[in-house]
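Encoded as structure tokens, the structure appears first; notes follow it.
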Amino acid sequence: MGRYVARRLLQMIPVFIGTTLLIFLMVYALPGDPVRGLFGDKGGSPQVIAQLRHQYGLDQPILVQYWHYMKNMILHGDFGTQIASGRPVTDVLGDAFPVTLRLGALAFVIEFVLGIALGITAGLRAGRVTDNAILLVTLLLISVPVFVLGYILKVVFAFNLNWLPPNVNDSTNINELLMPAIVLATASLAYVTRLTRTSIAENLRADYIRTAIAKGLPKRRVVGVHLMRNSLIPVITYLGTDIGALMGGAVVTEGLFNIQGVGGTIAQSIVRREGTTLVGLVTILVIVYLLANLLVDLLYAVLDPRIRYA
Amino acid sequence: MTTIEEVVPVPSPRDGGTDGTPLLEVRDLHVEFHTREGVVKAVNGVNYSVNAGETLAVLGESGSGKSVTAQAIMGILDMPPAKIPQGEIRFRGQDMLTMSGEDRRKIRGQRIAMIFQDALSSLNPVLSVGYQLGEMFRVHQGLSKKEAKAKAIELMDRVKIPAAAARVNDYPHQFSGGMRQRIMIAMALALEPDLIIADEPTTALDVTVQAQVMDLLAELQREYNMGLILITHDLGVVADVADKIAVMYAGRIVERAPVHELYKRPAHPYTRGLLDSIPRLDQKGQELYAIKGLPPNLLRVPSGCAFNPRCPKAQDVCRTQVPDLLPVTEQDGTELVGRASACHFWKETIHG
Amino acid sequence: MPDVTKTDIKNAVASGPQAALQLPEPKPEKSRSLWGDAWGDLRRSWIFIVSSVLIVILLLITFFPGWFTGVDPTSGDLAKHFLQKPRLGNIGSPDWLGYDQQGRSVFARVIYGTRASIAVGFGTTIAVTVVGGLVGMIAGYFGGIVDSVLSRLTDVFFGIPFLLGTMVVLNSFQDRTTWVVIGALSFFGWTQIARVMRGAVITTKQADYVHAAQALGASTPRIMFRHILPNTLAPVIVVATISLGIYISAEATLSYLGLGLNGVSWGNDISDGGNQIRVAQWIMLYPSIMLIITVLAFIMLGEAVRNALDPKMR
């Protein structure tokens, strides 16, 4: 196990370098300039611009910039400075991350509880009316783009029914976070349902379930112990990888509900061409994603005794 | 306060046969599967019985209905698609098909247990064998986790698994095929049932291990005086352990006989074909006999005798009239006890 | 690699003997292949029928928008039609679905917006299938160092959140034509197909008939494309069909974020309509319905194909 973790961590290094380099190149090699963007249409004096460019190291070759950036990040935990506000990116992140974390956690709970419950319901009745109805609902949920769903919920629950606030002002208020969390969770919820359903329906036909019934076990034990343990392994795995997606995938949702989280900050940085902020935030997301994947693989070995890492 | 003990309406075990009622009796059992292609008639009027301490071997190709019958007895058919339109399955005189689901569940595992063919897929891969064995005691006898584990180790010793105490927490995939099948047997034996149904218990095993597992099963059966239904397609396995044989073809029993009689004088061309297709040392160099054709398509069972398209002796009557399973007699008319054949020409087959 | 182990176990579990019924041999006179079987299944599936009908209609709208409306979707008449409400009785006429804040017919915009979505959806799917399929094939077939390099490269692109990546790329283009959007979506979208393809190739490569072909001296491209490719198509087709819907959804999302196509597109209209959401919900509503129907049609098609091609699901 230890050797496996070490090997996986080693494999993560090139991926980490590759991903950060890719995002760095995309941000800086593509046309557009954050300093010029700072002055808007008026345009600043050439000297000031040149000076700012020098100050932020934007006049150096791109690979040199990347090298300095990574060196600072790894040695000093310095992710650079947000040009527009002059604040360190770590500060910006410190503000945004807890917000996203709360939103993501709420969405995660929703997709976990509802997704597995719906999936089990459908899987145990595979091929019948309930199953087909749930199938149709999940297909529909996957098909509705996040921003459309957000609008629909806003119109119905905020404007027409007045049940929930349309925007989030206080991200610690669960009431306010509920609607965005539902929107964020929807697509994943549908996937969790499908995955659970398939897994349950497949395992239900397995020989060991037949054995469990032949042993004279009560139905709730057959389902609760023998069926669940096996069927939920792939679902847990999916949920693990989805944590990363929930963190980074909130761009649209956060924008829609005016939430100042990681996704919203990233979207802003893209539009404002805030290279350093963008690279810093994406780097964090990539680390979260890579670690989540590693954890999922290790979790797999815990859940399924047949898997042994060599 | 008086507590009225729940009277279990099943007589005390190990007395099967004394009062004339067999331990298990299957009467005119029909099973069909409703599939998209049509209705598959998997079992068409099967009758057989087993007494305590007796071994019945049910022989047939895949698709002959032998496993489906066993699953109907266990009550583990998936319904739907399966359906039992008629028949009775009497356990100690009581028809299990009319019992409540809960009563049947209590019989499963406790009074009737089953051993499956492929122990690797039949054991739960993510639970330790100790847990799976102990579960029998925890569910049916309400033992604690600890007591159940002790019982599990005892059972594993009983089926001769070396270092049982050390291996009780291992998972099925960590055992060899033979050891896994022993665990399956241990699980079936756990509550000392009256009847064990073994569905091809040795098919998935190496030939060398097959004999060991069969011997163990036979030994334990004698010891506990259990009834045993042994389902197989392997005539070699049957000869040593079975008392009587029922040969199935296309969902019907085509021949029934005490084991040695069947080998000596088969009364159905299908049985004869099966016996002739066993390789024999004394016929080395000769071409091996094979029954021509394929097993019947159960969606479209041939009219008349289902075996007629493959039968070397088929006449016109075989294509039109379904032969009943009738008693077989000697040439002089004396009845051969326990023998029956469903062939229009059983006389010619057995005597000529 | 743990992922290989996982697949193996899944296959091992799934291929265990089926519980109750040993079905009779298939009729010898009617031998059926995977594809023949799948087609038989598809024709009976209501999901397939509904989605195909929808897709045919969408393709007709894409190629012949003029058949459905005679109105120019870009010309508006502020004086006459500013935020005019829909007249739902007048099916097919310009005022059927109302007018937007520039006096343009919402119906005409819905019709003409179809082309953008369908073009992006098909273009991106074709691009990612070719690129991802090739990468996956090469990685899976050659294995070793080639596989390591290509797999890490796939990980790199997979590690960047899809929407964020495309946003960064599209943000540096002022003139976002269909090709630019397809390029940006494909740049980050090929990884999934590559992974599916790689897995399928590794499984197929171990088949005896591939070893036989190798032993008979077949050339590498011949083995790859004649022997392995046909057996890896099923999972790739399923993923491609479903992702076609996802790309249409992604294009609309990018438009909503202001980073999508320039020109008539549902995403742009939904985004514009969002600003009028309290006064004129129809501006947003009808493009949204159209978008959902379109995405749903392709996802349903993928679902039907998956059920037909995956024998485990039967």
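Laboratory data are not the source of any read-out in this text; all were calculated from the coordinates shown. Note that the coordinates shown come from a computational prediction; the quantities given were computed from them, not determined experimentally. So basically every Cβ, Gly included, is an ideal-geometry build from the backbone, and we count neighbours across all protein chains shown.
Would you list the P(r) distribution for the stretch B:249-351, with all Cα-Cα distances sorted into 5 Å bins from 0 and each bin expressed as a whole %? The distribution over the stretch B:249-351 is 2, 12, 22, 23, 18, 13, 7, 2, 0, given as percents.
Each residue, A:Leu63 and C:Gln102, gets one label point 7 Å from its Cα in the Cβ direction; the gap between the two is 4.6 nm. A straight line joining the Cα centroids of the stretch B:298-352 and the stretch B:51-126 runs 28 Å. The angle between the Cα long axis of helix C:281-309 and the main principal axis of chain C comes to about 10°, on a 0 to 90 degree scale. Note that the stretch B:43-55 has calculated 3J(HN,Hα) couplings of 10, 10, x, 8, 10, 7, 9, 9, 9, 4, x, 9, 10 Hz, one per residue in order, obtained from phi through the Karplus relation 6.51 cos²θ - 1.76 cosθ + 1.60 (θ = phi - 60°); glycine and proline are x.
Relative to the longest principal axis of the Cα atoms of chain C, helix C:178-205 runs at roughly 20 degrees.
For chain A, what is the mean residue ellipticity at 222 nm derived from helices alone (per DSSP H run of n ≥ 4: -39500 (n - 2.57); sum divided by total residues; nearest 500 deg cm²/dmol)? Present the calculation step by step, with values, prior to reporting the outcome.
On the way: 13 runs with 224 residues, N = 310.
Rounded to the nearest 500, it is -24500 deg cm²/dmol.
Farthest toward the positive end of the dipole of the protein assembly as shown, out of A:Ile213, A:Val137, A:Ala158, is the Cα of A:Ala158, where the dipole comes from beta carbon charges about the Cα centre.
Below 8 Å between Cα atoms, with a sequence gap of 6+, how large is the relative contact order for the stretch B:313-352 in percent? Provide the component values of the computation, followed by the final result.
On the way: 33 pairs, mean separation 14.8, N = 40.
Relative contact order, the stretch B:313-352: 37 percent.
Using only alpha carbon pairs under 8 Å that are at least six residues apart, calculate the relative contact order of the stretch C:120-260 and give it in whole percent.
Details: 146 pairs, mean separation 54.6, N = 141.
Result for the stretch C:120-260 is 39 percent.
Neighbour counting of Cβ atoms within 10 Å sorts the residues A:Glu274, B:Glu200, fewest neighbours leading, into B:Glu200, A:Glu274. Annotation for the stretch B:28-112: trypsin sites (Lys or Arg not before Pro) lying in DSSP loop with at most 13 further Cβ atoms inside 10 Å of their Cβ are B:Arg36.
Relative to the longest principal axis of the Cα atoms of chain B, the long axis of helix B:177-189 makes an angle of roughly 80 degrees.
Just how far, in whole angstrom, is the stretch C:204-255 from the stretch A:194-248 if you go by their alpha carbon centroids? The stretch A:194-248 and the stretch C:204-255 have Cα centres spaced 29 Å from each other. Remark: the stretch A:99-116, residue by residue, has Karplus-estimated 3J(HN,Hα) of 4, 4, 4, 5, 4, x, 5, 5, 4, 4, 4, 4, 5, 5, 5, 5, x, 5 Hz, where x stands for each Gly or Pro and the curve is 6.51 cos²θ - 1.76 cosθ + 1.60 at θ = phi - 60°. When both the stretch A:261-310 and the stretch B:144-195 are represented by their alpha-carbon centers, they are found 45 Å apart.
The calculated FRET efficiency for the pair A:Phe159 and C:Asn262, based on their C-beta separation and a Förster distance of 35 Å, comes to about 0.70. Label B:Leu275 and B:Glu102 with points 7 Å out from Cα along Cα→Cβ: what is the distance between them in nm? According to this spin-label approximation, the distance is 5.1 nm.
Averaged over the residues of B:101-111, the number of partner chain Cβ atoms lying within 10 Å of the residue Cβ comes to 3.
Per-residue Cβ counts within 10 Å, from other chains only, averaged over B:75-83: what number is that?
Mean number of neighbouring Cβ atoms from other chains: 3.
Among B:Glu37, B:Glu287, B:Glu54, the ranking by other beta carbons within 10 Å of each residue's beta carbon, starting with the fewest, stands as B:Glu287, B:Glu37, B:Glu54.
Close amide H partners of B:Ile245, meaning residues 5 or more places away or on another chain with modelled amide H under 5 Å apart, are B:Ala57, B:Ala257, B:Val259. Mind giving me the FRET efficiency for B:Tyr263 and B:Arg319? R0 is 30 Å, r the Cβ-Cβ distance, nearest 0.05 is fine. Approximately 0.55, to the nearest 0.05. Helix content alone sets the calculated 222 nm mean residue ellipticity of chain B: runs of n ≥ 4 DSSP H residues at -39500 (n - 2.57) each, divided across all residues, give -9000 deg cm²/dmol. Summary of packing: across the peptides B:341-347, A:289-295, the per-residue average of other C-beta atoms within 10 Å ranks them, highest first, as B:341-347, A:289-295.
Measuring r between the beta carbons of B:Asp243 and A:Leu124 and using R0 = 56 Å, the FRET efficiency lands at 0.85.
Dividing the summed -39500 (n - 2.57) terms of all DSSP H runs of n ≥ 4 by the residue count of chain C sets its mean residue ellipticity at 222 nm at -23000 deg cm²/dmol.
Where Lys and Arg each count +1 and Asp and Glu each count -1, what net charge lies around B:Arg158 among other residues with Cβ under 11 Å from its Cβ? List each step's numbers first, then the result.
Details: positive: B:Lys151, B:Lys160, B:Arg182; negative: B:Glu154, B:Asp157, B:Glu192, B:Glu219, B:Glu223.
Local net charge: -2.
Sorting the segments C:220-228, A:189-197 by their residues' average number of neighbouring beta-carbon atoms within 10 angstrom, most packed first, yields A:189-197, C:220-228.
Counting only DSSP beta bridges whose two residues both lie in the stretch B:24-242, roughly 55 percent are antiparallel. What residues of the stretch B:224-239 lie in the reach of a label at B:Ala211, counting those whose backbone N is under 13 Å from a point 7 Å from the Cα along Cα→Cβ? Output list for this probe position: B:237. Could you work out the relative contact order of the stretch B:249-351? I mean the mean sequence separation of Cα pairs under 8 Å and 6+ apart, divided by the number of residues, in percent. Over the stretch B:249-351, the number comes to 35 percent. Other residues whose C-beta falls under 11 angstrom from the C-beta of B:Ser144 contribute a net charge of +4, scoring Lys and Arg +1 and Asp and Glu -1. By other beta-carbon atoms within 10 Å, ranking A:Asp297, B:Asp206 with the fewest at the front produces B:Asp206, A:Asp297. I need the shape label for the stretch C:46-313. Rule: rounded when a/c is under 1.5, else prolate if a/b > b/c, else oblate, with a, b, c from the alpha carbon gyration tensor. Since a/c reaches 1.5 and a/b is larger than b/c, the shape of the stretch C:46-313 is classed as prolate.
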